[in-house]
Amino acid sequence: MTQTAQLIQEIYKLPLEKKFFVVEQTLKAIKSEERNRHLMIAAEALYDDYVNDKELTAFVSLDFEDFYETR
């Protein structure tokens with residue numbers, strides 16, 4: 001029996017409340033993985049632009065400057 005089939009059998013044995021918990025946690029994990037995948041694709045698509053386009057990185061030189069908010 002495969003690991004997936006064993007997991008499904010174990011889920012069938014759970015009370016309804018715990019089954020819902022398993023489903024909720026599984027959906028959260030899927031959404032998180034999908035979001036991370038989309039972010040990685042977007043970052044890879046824009047990587048060359050950020051490396052080569054100085055207008056996009058003009059303010060990077062200020063990253064380590066102290067910032068003081070005036071009030």
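Any read-out appearing in this document is the output of simple, stated calculations on the displayed coordinates, not a laboratory observation. Quantities reported herein were computed from a predicted structural model and do not represent experimental measurements. Neighbour counts are summed over all protein chains in view; Cβ atoms, including those assigned to glycine, are modelled from backbone coordinates with ideal geometry.
Side notes on the structure shown:
- Based on alpha-carbon atoms, the Kirkwood radius and the radius of gyration of the chain give Rg/Rh equal to 1.35.
- Dipole axis of the chain (+1 Lys, Arg; -1 Asp, Glu on Cβ), positive-most option in SER32, TYR68, PHE21: PHE21
- In summary, the aspartates and glutamates within cross-link reach of LYS19, defined as a Cα separation below 12 angstrom excluding same-chain residues under 8 places away, comprise GLU10.
- The modelled label-to-label distance between THR26 and TYR68, using points 7 Å beyond Cα along the C-beta direction, is 5.7 nm.
- 3J(HN,Hα) couplings calculated from phi for region 42-56 with the Karplus curve 6.51 cos²θ - 1.76 cosθ + 1.60 (θ = phi - 60°) are, in sequence order, 5, 5, 5, 5, 9, 4, 4, 4, 5, 6, 9, 9, 5, 5, 6 Hz; Gly and Pro show x.
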